[in-house]
1. Being open to solvent by 20 Å² or more (accessible area, probe 1.4 Å) and among the aliphatic types (A, V, I, L, M) is the filter here; which residues of region 215-244 pass it?
2. Would you confirm whether any residue within region 177-189 is assigned to a loop (DSSP other than H, G, I, E, B), open to solvent by less than 10 Å² (accessible area, probe 1.4 Å) and modelled with pLDDT of 95 or more?
3. Can you confirm whether region 245-266 contains a residue that is more than 23 Å from Met337 (Cα to Cα), of a type in the set (Val, Ile, Thr), touching a residue at least 40 places away in the same chain (Cβ under 8 Å) and assigned to a loop (DSSP other than H, G, I, E, B)?
4. Could you list, in sequence order, all residues of region 203-214 that are open to solvent by less than 30 Å² (accessible area, probe 1.4 Å) and either among the aliphatic types (A, V, I, L, M) or in a loop (DSSP other than H, G, I, E, B) (or both)?
5. What are the residues in region 1-53 that are within 25 Å of Ser91 (Cβ to Cβ), aromatic (Phe, Trp, Tyr) and at pLDDT below 95, if any?
6. Name the strands (runs of 3 or more DSSP E) wholly inside region 35-126 in which the number of residues that are open to solvent by 40 Å² or more (accessible area, probe 1.4 Å), on the phi < 0 side of the Ramachandran plot and not hydrophobic (A, V, I, L, M, F, W, C) is 2 or more.
7. Taking region 217-232 on its own, how many of its residues are more than 14 Å from Leu196 (Cα to Cα) and touching a residue at least 40 places away in the same chain (Cβ under 8 Å)?
8. Which ones in region 275-329 are within 17 Å of the chain's Cα centre (by Cα) and more than 17 Å from Gln212 (Cα to Cα)?
Amino acid sequence: MFASTGSKLNRWRTVNSSSSIPGVLVVDDSLFFRRLISQIINGSGQFRVVGTAANGMEALAKVHELQPDLVTMDLEMPLVDGISTIGYIMSESPRPIVVVSSYAGAGSALTIRALELGAVELVEKEDDGVRQDAVRIGPRLINALRAARAADIYRVPMLARPRHRSIEKQDRSPNEAGACVAVAASTGGPRALAELIPQLITGQGAAVLVVQHMPPRFTRSLAERLAAQSQLLVVEAEHGSPVNADTAYIAPGDFHMRVTNGDGGLRLVLDKEPQVWGVRPAADPLFHSVAGIFNGSAIGVVLTGLGRDGALGLRAIHDAGGIGIAQDRESSTIFGMPNAAAQSGGADEVLSLTAIAPRVTELLTRLPRR
């Protein structure tokens, strides 16, 4: 059905290098959204629409015909849905894909699966009118395309078979965490977290606190997806929750997350203070709070992503006596955040994605407890 992957990659790179403005294929079964997304892209001056498709079957044909630099992808479509289409594209003719999806209960779980399969960014659709859609979606869509354009999609293979395991969580009384692993991730992060979190083990007295740059409501599906694969209990964080060992807390979209220590013990605080580095949640506020409370009992991890979030916070963890880890260039979808963390002096070690969980496990055996 398709030509060889090698010849397709060569053709894509040839087309890619011959155009100064990256071309985008817009895939959506809604004529309204195809027009809206095309209008936003063509009006940006940074990208151009080279074609549109109303379903996955059309999208696959046009990817091979038009060789777009990027693809925006709806998920719920007739004939061939978005999940299957992403799988075909990333297997046969890889290129950066931005998921443009509505939040609709189970639909958010499909979005997480799309990110595991190799899509690199997510933009949530709005459903309340053309003007409001253009205002809200426009900047987010162009920022997502910029991030996707910077992604190296060949460094990390798609997670074709997630490690879904029937794991019986041990029935143990909650214990306050004596150590903490704080994790930052952005573009390519859901795929990286699906590699990292399921490999962490219980019984080490540590809590795991995760900031993934992601729109509101999708973070709960991310937590549920990771929970199905992990020994740890994985939940979306709630304001005032105790910080317990053997639990991973995912910061909810649009809320910063911090750790506080008071009369009630360690608690999570969620707030809507101003964005940091243009995002909320941001990792730096979390990392600074972890450094101040856990000191030498903390490990900070900065995974793939665009920008500098987490760099200053990782330095704070390092300076407080904790250990800083940054993902290496070779395994990062985007090396921006890990590189900034390394350059800031906060990264004691720069490791491949597959090496991070074993190293964290090893470090937790010898770190002091608060």
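1. Start the filter on region 215-244 by keeping residues that are open to solvent by 20 Å² or more (accessible area, probe 1.4 Å), which leaves 215-217, 220, 224-225, 227-228, 231, 233, 235-236, 238-242, 244.
Correct list: Ala227, Ala228, Leu233, Val235.
2. yes
3. Narrowing region 245-266 to residues more than 23 Å from Met337 (Cα to Cα): 245-247, 260-266.
Add one more test, that the residue is of a type in the set (Val, Ile, Thr), and what stays is 247, 260.
Imposing the further condition that a residue be touching a residue at least 40 places away in the same chain (Cβ under 8 Å) reduces the set to 247.
Right, trim to assigned to a loop (DSSP other than H, G, I, E, B) and you get none.
No.
4. If we filter region 203-214 for residues that are open to solvent by less than 30 Å² (accessible area, probe 1.4 Å), which is where we start, we get 204-212, 214.
Hits for region 203-214 are Gln204, Gly205, Ala206, Ala207, Val208, Leu209, Val210, Val211, Met214.
5. Phe2, Trp12
6. On the way: elements: 48-53, 70-73, 97-101, 121-124.
Correct list: 48-53.
7. Of region 217-232, the ones more than 14 Å from Leu196 (Cα to Cα) are 217-221, 224.
Subset that is touching a residue at least 40 places away in the same chain (Cβ under 8 Å): 217-218, 220-221, 224.
Number of matching residues: 5.
8. Listed by number, the residues that qualify are Asp328, Arg329.
The values are calculated or read from the model by the stated rules, or taken from the named source; none is laboratory data. Worth saying up front: this structure is predicted, and the values here are computed from it rather than measured. Glycine gets a Cβ as well: all are built from the backbone with ideal geometry, and neighbour counts include every protein chain shown. For accessibility, only protein heavy atoms count, side chains too; no ligands or nucleic acids. Shrake-Rupley method; radii C 1.70, N 1.55, O 1.52, S 1.80 Å.
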